[in-house]
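*Asks:* After the structure tokens below, expect a handful of questions from me.
The values are calculated or read from the model by the stated rules, or taken from the named source; none is laboratory data. Quick caveat: nothing in here was measured; it's all calculated off a predicted structure. Note that each Cβ is placed from the backbone with ideal geometry, even for glycine, and that neighbours are counted across all protein chains shown. Just the protein is used for accessible areas: all its heavy atoms, side chains included, with ligands, DNA and RNA removed. Shrake-Rupley method; radii C 1.70, N 1.55, O 1.52, S 1.80 Å.
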Amino acid sequence: MSATTATPPAASGELPAAIQQLLSAQGFYSPIELLLATNRLAYDDYQAWRRGDHQTLDDLFPDGVDAARSFLDDAATWVRGLHLDAETVPLLGTETVGGIELTASANAHLDDLLHTEYRRDVDREQPDLFLDDTQAEAQNRLADAIVSRDAAASGEMLRRLAALDIGHWAISHAMTLIEALQAARPTGTDGARDRLDEVENRWLPAASALLRSDARDFLSPLWRDVGRAFEGHPFEPDDARAHASWAYLHGLDWSGVKRTVLGEPAWQTEPMLQVRLAHAQWRLGERRYAIRTWFALCWHAPGHFAESIESATFPSSTLQRAWTDAHAQDLDPPFTAPWFPAWMVIVHPGTAREAGSAGGPSEPEQAFDHLVALRRGHSDREDLDHRRALKDLHPDLLNRYLASIGE
């Protein structure tokens, strides 16, 4: 979904870009998804709440309830400017509390915010109210049972839907997902390979079709099972999916991704592992290390970085926006991925504090180091030396830097 036709009220920081990213990827705005996307709620904590391990989400917000409420208030104000339709949605538990409506917060206002999603009216399904209402209800109950991971209830709901329409499109998908719920955990590398094929080619398409936005939460434990079965299997560039980090990445097990990447002796020379590591570092709140890993990719594997930042799953909307803006500039030399770290120091000065010096021989690395030194401040003589060196490397970057400081 695109919301470019409306002009929402102004908002600062990462908020507008993060919401636009959600709307593009999912077609609707969900406050819980926004909290997850901006690291204001850890995915494992969210899943634990849905399993009934926590009564509310209140104790799971790293910055506290007041900060979460203020952030989502700003988000709701901004997203209402897109002229989307608000919809109150139930937040259901899984496993032992499967199908039970959960309380998101003891704070009534925050609870209301967390239960309100926004979408365009045309994005909703419009079943025939006279012919399909009973089937639609049966289909929704079936999907809820599957999301709750209750195989017995799912089987009963499947039989009810089949009794109404044996040829209903959801039946084959539901059978596939009930099979997934009942499958034993894979063991060993061969079992992991077989299960990976099952997840990617059968369970993922079925979940996407039937469960839609709930597909991720349904599939996450299944991906993690694959990751555990791949533990200890070495990374092979020609078979990059056959590694625990790949499955943990899709299972949103960020600690598992980080651990299994760093466990590879040559991870610093494998761009695909570095991409996974940076993603995990960002999700774990290790911003400084994630930025360093991404910048290293810019300089040493620019194609991998470009593919990563342009994907819908890239976790930083701030970096994505800066990347898009940089491509819109008329620079000489022209903008390419190796120059992106230097560009970031200009448009986001805090980057200079986040990342250490590059120390590399290439011109983009040298330009980055000069800009970092300029942002940190030195004597007038040293400052002049850095400016002269930067002018020799990339005059336009020097001009943009000078403009950023009002010179």
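*Asks:* Quick one: how many residues across segment 150-193 are of a type outside the set (A, V, I, L, M, F, W, C) and assigned to a helix (DSSP H, G or I)? Spell out the reasoning first.
*Replies:* Initial filter on segment 150-193 (of a type outside the set (A, V, I, L, M, F, W, C)): 150, 154-156, 159-160, 165, 167-168, 172-173, 176, 179, 182, 185-191, 193.
Keeping just the survivors that are assigned to a helix (DSSP H, G or I) gives 154-156, 159-160, 172-173, 176, 179, 182, 188-191, 193.
The qualifying residues number 15.
*Asks:* Moving on. Scan segment 370-384 for residues that are touching a helix residue (DSSP H, G or I) at 6+ places or on another chain (Cβ under 9 Å) and open to solvent by less than 70 Å² (accessible area, probe 1.4 Å) and report the count. It would help to see each step written out before you state the result.
*Replies:* Narrowing segment 370-384 to residues touching a helix residue (DSSP H, G or I) at 6+ places or on another chain (Cβ under 9 Å): 370-378, 382-383.
With the extra rule that they be open to solvent by less than 70 Å² (accessible area, probe 1.4 Å), the set shrinks to 370-375, 377, 383.
The number of residues fulfilling the criteria is 8.
*Asks:* Can you find a residue in segment 270-285 that is over 28 Å from Phe368 (Cβ atoms) and buried (at least 18 other Cβ atoms within 10 Å of the Cβ)? Show your work before the answer.
*Replies:* Our first condition is that a residue be over 28 Å from Phe368 (Cβ atoms); within segment 270-285, this holds for none.
No, segment 270-285 has no match at all.
*Asks:* May I ask you to say which residue of Pro315, Pro302 is at negative phi and without any contact (Cβ under 8 Å) to a residue 40 or more places away in the chain?
*Replies:* Working: Pro315 fails: without any contact (Cβ under 8 Å) to a residue 40 or more places away in the chain.
Step by step, each of Pro315, Pro302 is checked, and only Pro302 is at negative phi and without any contact (Cβ under 8 Å) to a residue 40 or more places away in the chain.
*Asks:* So which of Phe340, Phe295 is within 26 Å of Arg40 (Cα to Cα), at pLDDT 90 or above and among the aromatic types (Phe, Trp, Tyr)?
*Replies:* Working: Phe340 fails: within 26 Å of Arg40 (Cα to Cα).
After applying the criteria, what remains is Phe295.
*Asks:* Go through Asp73, Asp66, Asp44, Asp59 for me and flag whichever is within 24 Å of Arg149 (Cα to Cα) and in a helix (DSSP H, G or I).
*Replies:* Asp44
*Asks:* So which of Met157, Met175 ends up being modelled with pLDDT of 95 or more, open to solvent by 50 Å² or more (accessible area, probe 1.4 Å) and among the hydrophobic types (A, V, I, L, M, F, W, C)?
*Replies:* Going through Met157, Met175 in turn, just one is modelled with pLDDT of 95 or more, open to solvent by 50 Å² or more (accessible area, probe 1.4 Å) and among the hydrophobic types (A, V, I, L, M, F, W, C): Met175.
*Asks:* Can you find, within segment 178-198, the residue that is nearest to Trp246 (Cα to Cα) among those that are open to solvent by less than 60 Å² (accessible area, probe 1.4 Å) and touching a residue at least 40 places away in the same chain (Cβ under 8 Å)? Explain how you work it out, then say what you get.
*Replies:* Restricting attention to segment 178-198, the residues satisfying the condition of being open to solvent by less than 60 Å² (accessible area, probe 1.4 Å) are 178, 180-181, 183, 186, 188-189, 191-192, 195-196, 198.
Subset that is touching a residue at least 40 places away in the same chain (Cβ under 8 Å): 180, 186, 188-189, 192, 196.
Working: Ala180: 19, Pro186: 16, Gly188: 16, Thr189: 14, Ala192: 12, Leu196: 10 Å.
Selected residue: Leu196.
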